[in-house]
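To keep things clear, I will list the structure first and then write my remarks on it.
The values are calculated or read from the model by the stated rules, or taken from the named source; none is laboratory data. Since we're looking at a predicted model, the values are computed, not measured. Cβ atoms come from the backbone with ideal geometry, glycine included; neighbour counts cover every protein chain shown. Accessible surface areas use protein heavy atoms only, side chains included; no ligands, DNA or RNA. Shrake-Rupley method; radii C 1.70, N 1.55, O 1.52, S 1.80 Å.
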Amino acid sequence: MPEFDFEDGWSRLEAAMTTGTDEASFIVQMHEFSMASTGTPGHQFYTDPETFVRGICETTRNYGFDVPSFIWDVYNVEAEALGVPLVLFDDMAPALDNVIPFIKDEKDLARMKSPDPATAGRMPMVAEIIHQVKEMTGRRPPLCFCGPFTMAAHLITFENLVVAMQEDPAFVHKLMDFIVDEVLAPFFDYMLGQFPDLPFYDGSDATASLPFITQSMQEEFAMAPILRLQEKAKRPVYVDNWWGDSYTEDTERFWENKLRVTPDFFKIQDPDLWKVGLEQPMDFAQRKEKSVVLGVDNNLFQNGPADEIQKRIHEYMEVIEESGGKGTVYFCNLSAVTPPEHVEVAVEAVRMFRRGERPWAGLRRAGTPEARGEDATSDAASPETQVFISSDVLEAPVSEEDALLDAIFDAVVEYEDKETVEHVQAALDRGMDVHEILNEGLIAAMDEVGEEFATGEIFVPEMLMAARAMKAGLDLLRPILTQTGAPPRGKVLLATVQGDVHDIGKNLVGMMLEGAGYEVIDLGVNATPDEILDQANKVQPDVVGLSALLTTSMPSMQKTVALFREKSNRLPIIVGGAPVTQEFADKIGADGYGENAPHAVETVHGFVDTVSEGQAVGEPAA
């Protein structure tokens, strides 16, 4: 008899994902929450298989979850087995130390060897986890793995991967072939040999989501390797966590691609689901005769309030019930800082729904303008505010100087590094003012790029390529700006917080700030609160910017802000990154929030202008 019995929950989930059920079903991503709730240090929880499995099972039982979820720090294992250093923490999940590319070129790739699953890194730990789960629960779990695209980003860095997809796609294809043929397929075969009853392979590939990459990039460099992996594997392969549904202009195509990599069900989660609404995805799933997985935002679980958590769960469960009970609600990524009382409230919401207590029956807020964060007022210009340009202005001759500035502008917005440098040099050779080149050529172009990103016309790769082109031109101007003694617009200290080694967002903000005339001090990644405070005291920036890409590193952001305030340091602090929200920024006492790189730059402008105008620190200019 297994020590832990979750058969009722498994039966409910299996019915929900096949024939449908009148009992509402839910699943939970919970490994880091389990680490925290069991009081286990991270360096033990993520290296000791028995501790890991028992912790998951106890948390499932103690909180009344239907079934356990044995997803570990899934993005790290294969890259670590190849040799990428792993950093362990006491209070959060591990992270890869991959700031320096592990693979720089084809020569490095040619030297790579397939890792031995019996000995490499924590691959043996994964095998023992799979064994322990069967021993403790009587159920064999799937083998979890890191998707090919995300693994490639770990091996060569995301920034280099984006550039390579544009400039050397053949190299990226070779890298993907290596990951599929020499890393994942052998890993799958080894584990199937150890556990012939392995049910399927469960992949995670969030870096391949929109707007990190474009939809065409996703199809060529993320979906194609997964399809090859499906052909090689002897069990079903699912990769179900692409998000970005609210960014795509071709929703049907995007969702069809999702079904190609996860054929048996359709998954969509917040914040996309909250913005897109329920009608369109439920209609798609019913047309395709698929069960659904509807994910509730991890930020909602973290920040609350309690009644909003319960309303969201009931809204999603109700639409599943209306479709014949074919689907489940997914609690996204409960973390080490998710308040236990919010988890209890969420489970009670499920119990209420099952008991027929429906205080919010018929409530539909997903997909409304409020959910999308839109202003209900129209942006259309009234006759009184429309601007008319006379034909005389349109026909005015363009000077050679203006033509050069236009050429610089166009080269940046078209992501052309070489042309940007050539046009900037031509402008300098003509004797044009360096500040005019900077402000009306490079900075104006990046302003345009920022607006295009904010409106969804371009995604992160295009913005990154434009920033690289801008930086190439700026590198020509920087020595001249230094010689003229022109002061920078301000000074900004940037850092990715402790527990996070992702730097793409921080680097992008840094490049855009440099282009806007700021001096940028980059403290790098995995920076402790003490290191950030010490550097801030040393260089005295006008603004401190903190970045986090992982929900697991958000507590470090909170600790950093708290340390600054504890030491009476009132420098303005802005925060940003994929999991960070305005609500989280307010909760931890940050002074500002950058929703994306252009918005972060605008926020910095506000604080620097505040100081220059003599207003109180911490109040951005109106």
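Taking the criterion of being surrounded by 19 or more Cβ atoms within 10 Å (Cβ to Cβ), in contact with a Pro (Cβ under 7 Å, 6 or more places away or on another chain) and part of a helix (DSSP H, G or I), the residues of region 430-464 that qualify are Gly450, Phe453, Val460. Selection over region 247-268 of residues that are out of contact with any Lys or Arg (no Cβ under 8 Å at 6 or more places or on another chain) and in a helix (DSSP H, G or I) gives a count of 9. Scanning region 313-339 for residues that are open to solvent by 10 Å² or more (accessible area, probe 1.4 Å) and of a type in the set (Asp, Glu) returns Glu318, Glu321, Glu322. Pull up region 271-302, narrow it to residues that are among the aromatic types (Phe, Trp, Tyr) and open to solvent by less than 10 Å² (accessible area, probe 1.4 Å), then point me to the one that is modelled with the highest pLDDT. Once the filter is applied, the top-ranked residue is Phe284.
The single residue among Ala81, Ala127, Ala120, Ala164 that is open to solvent by less than 30 Å² (accessible area, probe 1.4 Å), without any contact (Cβ under 8 Å) to a residue 12 or more places away in the chain and over 20 Å from Ser553 (Cα atoms) turns out to be Ala164.
The set of residues in region 487-542 that are free of Cβ contacts under 8 Å to residues at least 12 places away in the same chain and part of a loop (DSSP other than H, G, I, E, B) contains only Pro487. Could you list, in sequence order, all residues of region 544-557 that are part of a strand (DSSP E or B) and touching a Ser or Thr at 6+ places or on another chain (Cβ under 8 Å)? Once the filter is applied, which keeps residues that are part of a strand (DSSP E or B) and touching a Ser or Thr at 6+ places or on another chain (Cβ under 8 Å), region 544-557 yields Leu546, Ser547. Every condition in (1) more than 30 Å from Pro271 (Cα to Cα); (2) of a type in the set (A, V, I, L, M, F, W, C); (3) in a helix (DSSP H, G or I) is met by Leu198 except one, and the failing one is (3).
Taking first residues from region 580-602 that are at positive phi and partners that are at pLDDT 95 or above, the Cβ contacts under 6 Å between residues at least 6 apart in sequence or on separate chains come to Gly589/Val561. Close Cβ contacts (under 9 Å, 6 or more residues apart or on different chains) running from residues in region 15-26 that are closer than 8 Å to Gly325 by Cβ and of a type in the set (D, E, K, R) to residues that are modelled with pLDDT of 95 or more and surrounded by 16 or more Cβ atoms within 10 Å (Cβ to Cβ) comprise Asp22/Glu321; Asp22/Gly325; Glu23/Arg12; Glu23/Ala15; Glu23/Ala16; Glu23/Gly325.
Taking every residue in region 269-283 that is assigned to a strand (DSSP E or B) and pairing it with any residue that is open to solvent by 40 Å² or more (accessible area, probe 1.4 Å), at least 6 positions away or on another chain, the pairs with Cβ-Cβ distances below 9 Å are Gln269/Trp243.
Starting from residues that are under 12 Å from Ala24 (Cβ atoms) and not small (Gly, Ala, Ser), keep the ones in region 340-356 and report whichever is most open to solvent (accessible area, probe 1.4 Å). Looking at residues that are under 12 Å from Ala24 (Cβ atoms) and not small (Gly, Ala, Ser), I get Arg355.
Yes or no, residue by residue, for (1) on the phi > 0 side of the Ramachandran plot; (2) not basic (Lys, Arg):
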residue	(1), (2)
Lys232	no, no
Thr251	no, yes
Asn257	no, yes
Asp270	no, yes
Val276	no, yes
Gln286	no, yes
Asn299	no, yes
Gly304	yes, yes
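Helices (runs of 4 or more DSSP H) fully within region 55-170 that include at least 1 residues being out of contact with any Lys or Arg (no Cβ under 6 Å at 6 or more places or on another chain) and acidic (Asp, Glu): 77-82, 106-111, 123-137, 158-167.
Screening the candidates Ala411, Ala371 for the property of being modelled with pLDDT of 90 or more, over 30 Å from Glu159 (Cα atoms) and surrounded by 10 or more Cβ atoms within 10 Å (Cβ to Cβ) yields one hit, Ala371. Residue count for region 582-612 satisfying the condition of being closer than 25 Å to Asp447 by Cβ, open to solvent by 30 Å² or more (accessible area, probe 1.4 Å) and assigned to a loop (DSSP other than H, G, I, E, B): 3. Restricting attention to region 526-554, the residues being at pLDDT below 95 and open to solvent by less than 30 Å² (accessible area, probe 1.4 Å) number 6. Under the condition of being under 29 Å from Phe33 (Cβ atoms) and either out of contact with any Phe, Trp or Tyr (no Cβ under 7 Å at 6 or more places or on another chain) or among the basic types (Lys, Arg) (or both), the residues counted in region 282-301 number 4. Restricting to region 213-246, and then to whatever is of a type in the set (Asp, Glu) and assigned to a loop (DSSP other than H, G, I, E, B), can you tell me which residue is most open to solvent (accessible area, probe 1.4 Å)? Ranking the candidates gives Asp240 first. Screening Gln310 with (1) open to solvent by less than 10 Å² (accessible area, probe 1.4 Å); (2) among the polar types (S, T, N, Q); (3) closer than 18 Å to Asp66 by Cα; (4) free of Cβ contacts under 8 Å to residues at least 60 places away in the same chain gives one miss only, at (1).
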